[in-house]
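Presented below is the structure to which this report refers.
The values are calculated or read from the model by the stated rules, or taken from the named source; none is laboratory data. All values reported here derive from a predicted model rather than from experimental measurement. Ideal geometry is used to build each Cβ from the backbone, glycine not excepted, and the neighbour counts take in all protein chains shown.
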Amino acid sequence: MQGAEQMPAHPAPMEGQGAYNRNSRVQAAGLSPALPLLEEAARIVPLGSEREPLLVADYGCSEGRNSLLPVGTAVRLLRERAGSERAISVVHNDLADNDFAALFDLLESDPESYLRDDQNVYALAAGRSFFEHVLPPDSVTLGWSSWSIQWLSRAPAEIPDQVQAAYSRDAAACAAFAQRAAQDWIAFLRARSRELRVGGRLVVLGMASDDDGAFGYRPVVEAIYAALLELVSAGFLTEAEVRRMVIPTYARTRAELLAPFGPSGRFDDLVVENIDIFFGDDRIWIETGEGRDAEAFGARWAAFSRASVFPSLALGLAGGGSDVRRTEFFARMEAAMTQALAAKPEESLIPLAKLTLARV
Ligand SMILES: C[S@@+](CC[C@H](N)C(=O)[O-])C[C@H]1O[C@@H](n2cnc3c(N)ncnc32)[C@H](O)[C@@H]1O
């Protein structure tokens, strides 16, 4: 595939030092409709042998702020069923270069931390791609993954006319992203099928394309791409650098999410218990949009993009993630996006998928 060999080997994790924790309220709002699925799963998963700890896995945890509520809910409901003597392990998984220090700081200090009220729960980390095995076979009682499965294992191609494949008109780039997404989803499912205990459940919430194929976030994606082109005009970035800068995410449709399960409804040892495509709230629009505070609207979407997407874009700089211009790149991108979005605040469509997978 054109340019694929020059692309970064894998996406960068979110911006560290608490930046993702401070700038992920859109994600916090989007995940809440999946919480009832997690509660239901926590009430029915088999608890197995009393001698073994229960294991809750959190795939793609970032710095943990948005894990506190779902993981805390899972721990509380499992505790009610299993009694106080049963140890519960929580494994937070993310890429190895994720800021796990920020996660453990939060777990120790935040009043909402699930470690506060339960002395028999143990927080652990697994720094490895979730496209591979991250936990032992047959070990996971209950899994959770929010806002993570849209991240691909790598950007499969350059996108000549965009930063996000969903808005590209380049057929080859679009096909490469779709193919990578299909392969990654299979790898993710295969690994989870091996890790879950029989009867265990995994609740997944992630970006999706709606049933008309819409990716959403149009104003934000346009502002990111426009900011990159502005930095080329200003001589700060080269065209070659911008060509390497792509957002390595893919929002699957319902059909793409279900494809591995085929007519039998089963993939490896997994079945889909339920799936729903829905729209998340644009919290930033609700709180600042419609002319209320255009500057804050622009600044908050720019901070959202900075925390979640800029680290991956920065890998396209000539010096990669450690390029000396990285800090200035972040600052200039954030300023340009703030200005563009404040000039014309618009609500974003936020299509999401929530699903429960069960190990049979
Ligand atoms: C947008 S954050 C989601 C954080 C949190 N779960 C939430 O709901 O806000 C996506 C996370 O997925 C992680 N991620 C991306 N690809 C991954 C992979 N292959 N394996 C493990 N984690 C991955 C990123 O590093 C990032 O921390």
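For the reader, a short list of remarks on this structure follows.
- In the set (1) surrounded by 22 or more Cβ atoms within 10 Å (Cβ to Cβ); (2) of a type in the set (A, V, I, L, M); (3) more than 21 Å from the chain's Cα centre (by Cα); (4) under 30 Å from PRO36 (Cα atoms), the condition left unmet by VAL198 is number (1).
- Screening the candidates VAL71, VAL56 for the property of being touching an Asp or Glu at 6+ places or on another chain (Cβ under 8 Å) and among the hydrophobic types (A, V, I, L, M, F, W, C) yields one hit, VAL71.
- Any hit, the range 251-258, residues being under 23 Å from the mean Cα position of the chain (by Cα), without any contact (Cβ under 8 Å) to a residue 24 or more places away in the chain and under 27 Å from GLU195 (Cβ atoms): yes
- Residue check for GLU273: modelled with pLDDT of 95 or more and within 25 Å of CYS174 (Cβ to Cβ): no
- Restricting ILE186, ILE149 to residues that are within 16 Å of the ligand (Cβ to nearest atom), assigned to a helix (DSSP H, G or I) and of a type in the set (Val, Ile, Thr) narrows the list to ILE186.
- Unique residue being more than 17 Å from PHE236 (Cβ to Cβ) and in contact with a Ser or Thr (Cβ under 8 Å, 6 or more places away or on another chain) when the list is ARG300, ARG292, ARG283: ARG300
- Identity of the residue in the range 92-111, assigned to a loop (DSSP other than H, G, I, E, B) and either within 14 Å of the ligand (Cβ to nearest atom) or aliphatic (A, V, I, L, M) (or both), that ends up surrounded by the most Cβ atoms within 10 Å (Cβ to Cβ): ASN98
- Candidate set: the range 1-42, residues that are among the hydroxyl-bearing types (Ser, Thr, Tyr) and modelled with pLDDT under 85; chosen: the one surrounded by the most Cβ atoms within 10 Å (Cβ to Cβ): TYR20
- Annotation for the range 304-322: at least one member residue is surrounded by fewer than 16 Cβ atoms within 10 Å (Cβ to Cβ), in contact (Cβ under 8 Å) with a residue 60 or more places away in the chain, over 16 Å from GLU222 (Cα atoms) and not aliphatic (A, V, I, L, M).
- Annotation note: of ASP161, ASP184, the sole residue that is charged (D, E, K, R) and surrounded by 22 or more Cβ atoms within 10 Å (Cβ to Cβ) is ASP184.
- The set of residues in the range 289-346 that are more than 21 Å from LEU229 (Cβ to Cβ) and of a type in the set (Lys, Arg) comprises ARG292, ARG300.
- Count of residues meeting criterion [within 16 Å of the ligand (Cβ to nearest atom) and either of a type outside the set (D, E, K, R) or modelled with pLDDT under 95 (or both)] in the range 283-301: 3
- Condition check for ALA173: buried (at least 23 other Cβ atoms within 10 Å of the Cβ), part of a helix (DSSP H, G or I) and either free of Cβ contacts under 8 Å to residues at least 12 places away in the same chain or among the small types (Gly, Ala, Ser) (or both): yes
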